[in-house]
Amino acid sequence: QQPPPQQQQQPPAAGVAIGGVGLFLKPNERSELEIVRLAKGGSAERSGQILPGDIVFEVDNEDVYKKDFNVFAKLIQGPVGTFVEVKVFKQGDYSRVSQVILERTLNPEEGRQPAGASPPAQGVASRGPEPPRQQRTP
């Protein structure tokens, strides 16, 4: 089931909420983007087709295998209510591929960033907590 083409890769309009699919990722020892956990209630968890230990290799027909996390994040994020296709190697088994279309939503977990949102294990897309930002005084 493919979402309508007009819902894929459109730049968000001003004021449009940006969401993700609820994936927390971390580069593994082979530099692959491994899913370390799913956001509770996120579209990835609700799909039942993606699990921790899966390796993301493609997002909307764009290769993200062994690419920088930011490449993944840019592709996975988008306007809430739009869809994104994610392909994974199941549990790191390169012969078992799963393809799933997920809806971008706001993160159902309060205080955390959704998959594809700016970094908080690499990915929600989350990479782990960011250090506190220093505020400048004029």
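No lab work stands behind these numbers, since they all come straight from the coordinates. Because the structure is predicted, anything quoted here is derived from the model rather than measured. When we count neighbours, we look across all protein chains shown, and the Cβ atoms used for this are built from the backbone with ideal geometry, even at glycine.
Odds and ends about this structure:
- Count Lys and Arg as plus one, Asp and Glu as minus one, and take only other residues whose Cβ is under 12 Å from that of L75; the net charge is then -2.
- For R104, the residues whose modelled amide H falls within less than 5 Å of its own, excluding neighbours fewer than 5 places apart on the same chain, are G81, T82, F83, V84.
- In terms of its C-alpha gyration tensor, the range 48-101 has an oblate overall shape, because the principal axis ratio a/c (a ≥ b ≥ c, square roots of the eigenvalues) is not below 1.5 and a/b does not outweigh b/c.
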